[in-house]
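The values are calculated or read from the model by the stated rules, or taken from the named source; none is laboratory data. Quick caveat, the model's predicted, so the values are computed rather than measured. Don't worry about glycine lacking a Cβ; one is built from the backbone with ideal geometry, like all the others, and counts go over all protein chains shown. When the accessible area is computed, the model is the full protein with side chains, heavy atoms only, and any ligands, DNA or RNA have been set aside. Shrake-Rupley method; radii C 1.70, N 1.55, O 1.52, S 1.80 Å.
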Amino acid sequence: MIDLKALQNNFEAVSQKLKKKKIDAALLELLKEESLQLKEKRNLLEQLQADQNAKSKLFPIYKKEGKDIAELKSQLDQNKEKITAQQEVVRLLEEKLSEIALGVPNIPDDSVPEGSDEEDNIELKKVLDTPVFDFAPKEHWDLDSNQEWIDFERGVKLTKSRFSVLKNDAARLERALVNFMLDFNRSRGFDEVSVPFIANQDSLKGTGQLPKFEDDLFKIEGENLYLIPTAEVPVTNLFRDEILTADELPIKLTSYTACFRKEAGSAGRDTRGMIRQHQFGKVELVALAKPEESDQVFDDMLSCASDLLTALGLPHRLVMLCGGDLGFGAAKTVDIEVWLPGQNRYREISSVSNTRDFQARRAMIRYKDGKKNRLVHTLNGSSLAIGRTLIAVMENYQKRDGTIAIPEVLKKYMQ
RNA sequence: CGGGAGAUGGCAGAGCGGUUGAAUGCACUGGUCUUGAAAACCAGCGAGGGUCAUACCUCCGGGAGUUCGAAUCUCCCUCUCCCGGCCA
C-alpha cells in the first residue's frame, strides 16, 4: 500500500510519479479527498468518545456520593447514539478508502524509465556471448520430440493443459538445478527456508496478490486458502506483524517452492513447450532490509541471480523494466532474460524487485530504529525459475546429434 | 473427524463489570557502583492513530450482544494444546 500521509502532504509529487504506472489521476484525487474526509470524521468520533469516557467515570463517584444519576444516564444515552452513528460513518469511509488504496500500485523509483510496455524496457548489460552452432538449434520440444525428457501429453492427462511431467535425466536435472541453486545462494549469504505451498488470505494480502489479483490464483475450495504463486508470499509473510531488531537486518533468505499460477491473462501465449505452466518450480530470494541499505541488497540479489546463470554457462541479459511493465507492488524491477537458441531470443528467467515499504506497510513488517518503529523494505527475486532454466540448458547445451551436455557445475549433482 | 482445556504485552503469568493499557517475574534499555564484568540498587520499557509536543482515541485471538461502563458476562467464528480415530 502506498503511504497515504505522503499522498495527502505531497499530492503533486506522488501523483506525478505514479503517472509512470498509468494511474487514473482522478482516482488519486479521490483517494486524497477520502483520506482527508476520514481524518475529519474520525476526529469528531474521538471527541464524542472522549466525552463519553469522561462522563462514564463520574458514574461510580455520583453513586458513592448518593447523587442522582438519572440526568447523567440520559446524557450518556444520547451521546451513545451519536457515537454509534458516527462510528458507522467512519467505518464506511474506512472501507471505501481501503478498497481504493489497496488497488493503487507502488510508486516507481525515479530511476525507472518512462514507457508503456516491454518495448520501452532498457537493456542494462549482456553477459556471456550467445553460442554459435554449426547446425540449426532446435526448440526444446523439437529436441525432445518423442518426449523422453518432458512428457506433455501425460501431464495433460493427469491434470490439464499447461501441466507436464519430467522424466529420466530431465527429472534428475531439475533436482540438480534446485540443489545447485540453493547451495550457491547459501554461499552468497542467503539462509535456506522450506515453507508451505499454501497460504492464507492475510498472507496474500500482505504481499499484494489480494485483493486485486485473485483471478491469477488457485483457490482451495471452501477454505480461504490459496496455492502460492511464488515463494515470495510465504517467505515474506514469515515476518508479517512482527517488529524486528535493527541488528538482525538485513534478513536474506532463499527457498525452493513449487509455484501455481492460473495464467488467466495469457490464453494462447506460449502454449507449446514448458515456458508457461500452471505449476513450476522456482528458487526464490527474499530480503528484508533497512531503507538505507535496500539498494545495496537489491544489487546483491541481482548479481547473485546473474552469477548463477554465468556459472551455468547460460548467456543472458539484464533489463530494467519501464513504468508500464513494472509489477503492481514493485518500485523497481530488473528482469534477467536467458538466451534460448531455439527461439533465437531472450526470455525472462528471473525478476528482481524492490518493493520499498509497499509490502511492509500492508504486512506490517517493521524494525526498531532506536526508539521508533519503522517499516522495513522488502525485496524479492527469482534466483531462477527451474523449468525455464531446464529449457535453457537443453537449448544451449544441445549437440548436433540431438543429445544434451550437462553444465560442468551440475555434474557433481547428477552423479 | 469425535471428546476435553485454553487464547492477556518479547516470554512467563495475575486480573472483583467502573482512573486496568493492564499486577508480578524474566528478558531488554539507560544510570549508579566496579579496573572491567557479574551481582545489587534506581529509572525506563506493548502497538496503531493523533499532536510541534501534550492532550485525546483505539487495541487484552476475531466478530456480534448485554450494560451508563466489559480483558472481565452471553453467543458465534478462528486458532492452539491434550485424549481418541485416520494417515503420510
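Check off (1) in a loop (DSSP other than H, G, I, E, B); (2) surrounded by 17 or more Cβ atoms within 10 Å (Cβ to Cβ) for residue A:327 and give me the number that stays unchecked.
(2)
Tell me which residues, restricted to the stretch A:276-309, are surrounded by 21 or more Cβ atoms within 10 Å (Cβ to Cβ), in contact with a helix residue (DSSP H, G or I) (Cβ under 7 Å, 6 or more places away or on another chain) and closer than 20 Å to residue A:345 by Cα.
Selection gives A:277, A:308.
List the pairs whose first member sits in the stretch A:37-51 and is in the same structural domain as residue A:75 (by TED's automatic domain parsing), whose second member is near RNA strand B (Cβ under 9 Å from one of its atoms) and part of a helix (DSSP H, G or I), and whose Cβ atoms are under 8 Å apart, counting only residues at least 6 apart or on separate chains?
Pairs found: A:45/A:83; A:48/A:79; A:48/A:83; A:49/A:83; A:51/A:79.
Each row is one residue, and each column tells you yes or no for (1) within 28 Å of residue A:30 (Cβ to Cβ); (2) of a type in the set (Gly, Ala, Ser); (3) more than 13 Å from RNA strand B (Cβ to nearest atom).
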| residue | (1), (2), (3) |
| --- | --- |
| A:79 | no, no, no |
| A:95 | yes, no, no |
| A:99 | yes, no, yes |
| A:135 | no, no, yes |
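Residue A:343 is checked against (1) buried (at least 19 other Cβ atoms within 10 Å of the Cβ); (2) outside any strand (DSSP E or B); (3) away from RNA strand B (no atom under 16 Å from the Cβ) and fails just one. What number does that condition carry?
So residue A:343 meets the others, but not (1).
For residue A:270, state whether it is among the acidic types (Asp, Glu), without any contact (Cβ under 8 Å) to a residue 24 or more places away in the chain and open to solvent by less than 50 Å² (accessible area, probe 1.4 Å).
In short, yes.
Select, from A:295, A:307, the only residue that is in a helix (DSSP H, G or I) and over 19 Å from the mean Cα position of the chain (by Cα).
A:307
Conditions (1) touching a residue at least 24 places away in the same chain (Cβ under 8 Å); (2) among the charged types (D, E, K, R), marked per residue:
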{"residue": "A:129", "(1), (2)": "yes, yes"}
{"residue": "A:136", "(1), (2)": "no, no"}
{"residue": "A:140", "(1), (2)": "yes, no"}
{"residue": "A:154", "(1), (2)": "no, yes"}
{"residue": "A:162", "(1), (2)": "yes, yes"}
{"residue": "A:168", "(1), (2)": "no, no"}
{"residue": "A:175", "(1), (2)": "yes, yes"}
{"residue": "A:182", "(1), (2)": "yes, no"}
{"residue": "A:187", "(1), (2)": "no, no"}
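Given the criteria over 30 Å from residue A:333 (Cβ atoms) and not charged (D, E, K, R), does residue A:89 qualify?
So residue A:89 fits the description; yes.
Is there a residue being away from RNA strand B (no atom under 16 Å from the Cβ) and part of a loop (DSSP other than H, G, I, E, B) anywhere in the stretch A:387-399?
yes
Could you grab me the full set of residues in the stretch A:180-192 that are closer than 20 Å to residue A:298 by Cβ and either in a helix (DSSP H, G or I) or open to solvent by 80 Å² or more (accessible area, probe 1.4 Å) (or both)?
A:181, A:184, A:185, A:186, A:187, A:188, A:191
Output the number of residues of the stretch A:236-259 satisfying the condition of being closer than 30 Å to residue A:153 by Cα and in contact with a Ser or Thr (Cβ under 9 Å, 6 or more places away or on another chain).
Here the count works out to 4.
Can you name the number of the only condition in (1) in contact with a strand residue (DSSP E or B) (Cβ under 9 Å, 6 or more places away or on another chain); (2) open to solvent by less than 70 Å² (accessible area, probe 1.4 Å); (3) over 16 Å from residue A:362 (Cβ atoms) that residue A:216 fails?
(1)
So is residue A:65 outside the structural domain of residue A:358 (by TED's automatic domain parsing) and either under 30 Å from residue A:109 (Cβ atoms) or within 11 Å of RNA strand B (Cβ to nearest atom) (or both) or not?
The answer is no for residue A:65.
Output the residue which, of all residues in the stretch A:101-121 that are in contact (Cβ under 8 Å) with a residue 24 or more places away in the chain and outside any loop (DSSP other than H, G, I, E, B), is nearest to RNA strand B (Cβ to nearest atom).
Only one residue tops the list, namely A:101.
Kindly list, by first and then second residue, each pair from a residue in the stretch A:228-255 that is in contact (Cβ under 8 Å) with a residue 24 or more places away in the chain to a residue that is among the aliphatic types (A, V, I, L, M) and open to solvent by 50 Å² or more (accessible area, probe 1.4 Å), limited to pairs with Cβ atoms under 6 Å and residues at least 6 apart or on different chains.
Short answer, once both residue conditions are applied: A:241/A:364.
Check whether at least one residue in the stretch A:41-55 is under 30 Å from residue A:111 (Cβ atoms), of a type outside the set (Gly, Ala, Ser) and more than 7 Å from RNA strand B (Cβ to nearest atom), and report yes or no.
Checked the stretch A:41-55: no residue is under 30 Å from residue A:111 (Cβ atoms), of a type outside the set (Gly, Ala, Ser) and more than 7 Å from RNA strand B (Cβ to nearest atom).
Out of everything in the stretch A:130-179 that is acidic (Asp, Glu) and assigned to a helix (DSSP H, G or I), what residue ends up being surrounded by the most Cβ atoms within 10 Å (Cβ to Cβ)?
Going through the qualifying residues, I end up with A:174.
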